[in-house]
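The values are calculated or read from the model by the stated rules, or taken from the named source; none is laboratory data. If you're wondering where the values come from, they're calculated on a predicted model, not measured in any experiment. Note: ideal-geometry Cβ built from the backbone for every residue, glycine included; neighbour counts use all protein chains shown. Protein only, heavy atoms only, side chains kept; ligands, DNA and RNA dropped before computing areas. Shrake-Rupley method; radii C 1.70, N 1.55, O 1.52, S 1.80 Å.
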Amino acid sequence: MGELRLMKGNEALAEAAIRAGVDGYFGYPITPQSEVIEYLMAEKPFERTGMVVLQAESEVASINMLYGGGGTGKKVMTSSSSPGISLMQEGLSYMAGAEIPCVVANVVRGGPGLGDIQPAQSDYFQSVKGGGHGDYRLPVLAPASVQEMSDFVPLSFDLAFKYRTPVLIVSDGLIGQMMEKVELFDTIPRLTDEEVIARYPWATNGKPKGKERRILTSLDLDPHKLEKHNFHLQDKYKQIREEEVRYEMIDCDDADYIIIAYGSSARISQKTLQLAREEGIKVGLLRPITLWPFPKQPIDDLVNKGVKGFLSVEMSAGQMVEDIRLTVRERTKVEHFGRYGGVIHSPEEVLEALKNKIIGD
Amino acid sequence: MAEITLQDIIKPENQVYVKTKLMTDKNLSYCPGCGHGTAHRLIMEVVEELGQENDAIGIAPVGCSVLAYEFMNVDMQEAAHGRAPALATAVKRLWPNKLVFSYQGDGDLAAIGTAETIHACNRGEQIVMVFINNGIYGMTGGQMAPTTLPGMKTSTSPYGRDLQSMGNPLKMTELVAQLPGTYYVTRQAVHTPSAVRKAKRCIRKAFQNQLDGKPGVSFIEIVSNCNSGWKMEPVASNIWMEENMFPYYELGDLKVDGQLVEKK
Ligand SMILES: Cc1ncc(C[n+]2csc(CCOP(=O)(O)OP(=O)(O)O)c2C)c(N)n1
Ligand code: SF4
């Protein structure tokens, strides 16, 4: 059993970064995730593991520091909240193109614009549809607990290096700020320079003697070559779709109705399940853990099993619901419910919505 | 007597100049007469002479020199427009024993990337920053740059740069020289053999500073031509540069060994 601690989600993410053997964290403060860099600075990770922590001048700089650092084969990470993540989209697009591994955590807050500093899930589109310019996707993990804020850090790095891609951890102000018990994993030692060089031959850390030098770029002025590169990226995304879908199902076996919710909304909806069952309504919860790739198969299976409707519960005006509809293709009812702009729905409100929008008369 | 062939002439003892092996054999994408190619070559010669080919990591910009990575035969990353100093910062911090340099034009370094430039300099990153100032956006077809001279015509200042409405030319090099994080700041040119020799000495000094672990950025501006953007023949553009650019962007060292150079 690993070390148990009572921590905020943001702190768990930061501690996990140190323990996951991250080489560099580059970030810029923004509520509700500033605890990440504050925790890191206080912990002196350079003394603990040799990890570099740098407060950058902006999120634009942080993401491009990730490009530079990730391009050398080191494990690099940043975190921010919605407005800062918007600023990072250019860099993420470049990194998707140049195939640079890194991990970016978004502790989502209400928007659009400066919005507020309360929890929200309104960055779903930006996270799962690419976010920046060009044809690309990023794996997106959605923690629903402080425990997962910790566990998803090493998992994200595994994916980032396996597929040479940026990986997003998308939580929200609730998960980031709330305190829960967390079992911390044991520290994974940072790779030595020699290990990095041996493991990642594509990385630009100095031309190896007697070998070809390496170039990392997202540019190819020849459209046919760039199309070929895009084919390669699409093949990679296909493989991720096939192999990396993650989700959790709660009480779905006998359910007539299914709530689909991730992150905080999934936590809230678990209570709704209980309330509904007390009233004799059989509701199950499908919790996507990867928002991209989206868990289509389990939804399809539930449709085929004859569930009578899906309620997408999100702290947004309805974003994930579009992906559910694309999967269900009008074979059964799909509706959205959620409070937004930083307002959090209650389990009772969710049950009401289920009754009104899905169960009906 | 046997006829003398080309092969007879191309012998090591006859060669007065040999291209560094750290320049690839690719044809440069630059216009004939452009200073970018010379600047590339000087950097690569210095890296080779310092024996650093296996330890150098370069960051290319967005601009005419976006393809610098095709020509400089060391490990290279191609940054987004203006962000090279941020990439270089992380590379150097994570590989303190490597020789890290960025290469940028004036639009890249002094307009869209101003924040990254100032803050990398102000933090005192131990990197070499090479800044090609040609007073114009070459790559996109000759638009006004932050460094465009007063009255200078470009495609977005077709009647000449009007300082009232378009703002003033930005002397980035003077600006970064003031920051405590810069260790060596100089402004050079590469348009004549003597300027090339001088510029090369400065580039070597900059890289040597990094190898010696001197604290802070070594920053080299190269005032260069953009004969295409300026719509001049190469030789005419060099004369125009001497007559117009150099008085505004005075050549010479601005800061050496962390000390500002007194103006005479
Ligand atoms: C975000 C972004 N904005 C604009 C551009 C278009 N663009 C490419 S190069 C360039 C200016 C290049 O000028 P400079 O840095 O002076 O280099 P030069 O071409 O003169 O060597 C611009 C505006 C871009 N590539 N990316
Ligand atoms: S457009 Fe100007 S800067 Fe670009 S290659 Fe031609 S002369 Fe050089």
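Would you point out which residue out of B:Ala39, B:Ala88 is out of contact with any His (no Cβ under 9 Å at 6 or more places or on another chain) and within 8 Å of another protein chain (Cβ to nearest Cβ)? Outline the logic, then answer.
On the way: B:Ala39 fails: within 8 Å of another protein chain (Cβ to nearest Cβ).
The match here is B:Ala88.
Only residues in region B:216-229 that are more than 17 Å from B:Gln178 (Cβ to Cβ) count as the first member; pair them with residues that are open to solvent by 10 Å² or more (accessible area, probe 1.4 Å) and of a type in the set (D, E, K, R), Cβ under 9 angstrom, at least 6 apart or cross-chain, and list the lot.
Here the result reads B:Asn227/B:Glu233, each pair linking region B:216-229 to a residue that is open to solvent by 10 Å² or more (accessible area, probe 1.4 Å) and of a type in the set (D, E, K, R).
Kindly check whether there is at least one residue in region A:195-203 that is open to solvent by 10 Å² or more (accessible area, probe 1.4 Å), away from chain B (no Cβ under 14 Å) and of a type outside the set (Val, Ile, Thr). Steps first, please.
Applying the first criterion (open to solvent by 10 Å² or more (accessible area, probe 1.4 Å)) to region A:195-203 yields A:195, A:197-202.
Next, only the ones that are away from chain B (no Cβ under 14 Å) stay: A:198-199.
Applying the additional criterion that residues be of a type outside the set (Val, Ile, Thr) yields A:198-199.
Yes, region A:195-203 contains at least one residue that is open to solvent by 10 Å² or more (accessible area, probe 1.4 Å), away from chain B (no Cβ under 14 Å) and of a type outside the set (Val, Ile, Thr).
Can you pull out the residues in region A:27-54 that are under 18 Å from the mean Cα position of the chain (by Cα) and either within 14 Å of another protein chain (Cβ to nearest Cβ) or within 16 Å of A:Pro189 (Cα to Cα) (or both)?
Matches in region A:27-54: A:Gly27 only.
May I ask you to list the residues in region B:42-69 that are more than 8 Å from chain A (Cβ to nearest Cβ) and charged (D, E, K, R)?
B:Glu45, B:Glu48, B:Glu49
In region A:327-355, how many residues are assigned to a loop (DSSP other than H, G, I, E, B) and without any contact (Cβ under 8 Å) to a residue 60 or more places away in the chain?
So the count comes out to 5.
Residues are listed down the side, and each one gets a yes or a no for (1) within 14 Å of ligand 1 (Cβ to nearest atom); (2) open to solvent by 10 Å² or more (accessible area, probe 1.4 Å); (3) more than 24 Å from A:Ala203 (Cβ to Cβ):
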| position | (1), (2), (3) |
| --- | --- |
| B:Ser29 | yes, yes, yes |
| B:Ala68 | yes, no, no |
| B:Ala80 | yes, no, no |
| B:Ala84 | yes, no, no |
| B:Val91 | no, no, no |
| B:Ala115 | yes, yes, yes |
| B:Ala120 | no, no, no |
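Can you find, within region A:58-96, the residue that is nearest to the chain's Cα centre (by Cα) among those that are part of a loop (DSSP other than H, G, I, E, B) and farther than 22 Å from B:Gly58 by Cβ?
Quick first cut of region A:58-96, residues part of a loop (DSSP other than H, G, I, E, B) only: A:58, A:71-75, A:81, A:88.
Narrowing further to those that are farther than 22 Å from B:Gly58 by Cβ: A:58, A:75, A:81, A:88.
Values: A:Ser58: 21, A:Lys75: 17, A:Ser81: 12, A:Met88: 15 Å.
Ranking the qualifying residues of region A:58-96, first place goes to A:Ser81.
Can you tell me which residue is surrounded by the fewest Cβ atoms within 10 Å (Cβ to Cβ) among those in region B:100-113 that are part of a helix (DSSP H, G or I) and within 16 Å of ligand 2 (Cβ to nearest atom)? Can you show your working first?
Step one: list which residues in region B:100-113 are part of a helix (DSSP H, G or I), which gives B:106-112.
Pick out the ones that are also within 16 Å of ligand 2 (Cβ to nearest atom) and you get B:106-111.
Details: B:Asp106: 27, B:Gly107: 27, B:Asp108: 33, B:Leu109: 32, B:Ala110: 26, B:Ala111: 19.
Restricting to residues being part of a helix (DSSP H, G or I) and within 16 Å of ligand 2 (Cβ to nearest atom), the top hit is B:Ala111.
Regarding region A:100-112, can at least one residue be identified that is crowded, with 24+ Cβ neighbours inside 10 Å, without any contact (Cβ under 8 Å) to a residue 12 or more places away in the chain and farther than 22 Å from A:Met315 by Cα?
Checked against the condition, which is being crowded, with 24+ Cβ neighbours inside 10 Å, without any contact (Cβ under 8 Å) to a residue 12 or more places away in the chain and farther than 22 Å from A:Met315 by Cα, region A:100-112 yields no hits at all.
With the requirement that a residue be more than 16 Å from ligand 2 (Cβ to nearest atom), among the charged types (D, E, K, R), at pLDDT 95 or above and not in a strand (DSSP E or B), what does region B:219-264 give you?
The answer is B:Glu242, B:Glu243, B:Glu250, B:Asp257.
In the list B:Asn54, B:Asn97, B:Asn14, which residue meets the criterion of being surrounded by fewer than 23 Cβ atoms within 10 Å (Cβ to Cβ), polar (S, T, N, Q), more than 30 Å from B:Thr140 (Cβ to Cβ) and in contact (Cβ under 8 Å) with a residue 40 or more places away in the chain? Outline the logic, then answer.
Details: B:Asn54 fails: in contact (Cβ under 8 Å) with a residue 40 or more places away in the chain; B:Asn14 fails: in contact (Cβ under 8 Å) with a residue 40 or more places away in the chain.
Exactly one of B:Asn54, B:Asn97, B:Asn14 is surrounded by fewer than 23 Cβ atoms within 10 Å (Cβ to Cβ), polar (S, T, N, Q), more than 30 Å from B:Thr140 (Cβ to Cβ) and in contact (Cβ under 8 Å) with a residue 40 or more places away in the chain, namely B:Asn97.
Hey, any hits in region A:321-339 for a residue that's open to solvent by 20 Å² or more (accessible area, probe 1.4 Å), touching a strand residue (DSSP E or B) at 6+ places or on another chain (Cβ under 6 Å) and under 30 Å from A:Thr31 (Cα atoms)?
Yes.
Identify the residue in region B:31-51 that is in contact (Cβ under 8 Å) with a residue 40 or more places away in the chain and surrounded by fewer than 16 Cβ atoms within 10 Å (Cβ to Cβ) and, among all such residues, is farthest from ligand 2 (Cβ to nearest atom).
So the residue we want is B:Glu49.
Hey, B:Lys153 hits all of (1) within 16 Å of ligand 2 (Cβ to nearest atom); (2) of a type in the set (D, E, K, R); (3) open to solvent by 50 Å² or more (accessible area, probe 1.4 Å); (4) touching a residue at least 24 places away in the same chain (Cβ under 8 Å) but one; which does it fall short on?
So B:Lys153 meets the others, but not (4).
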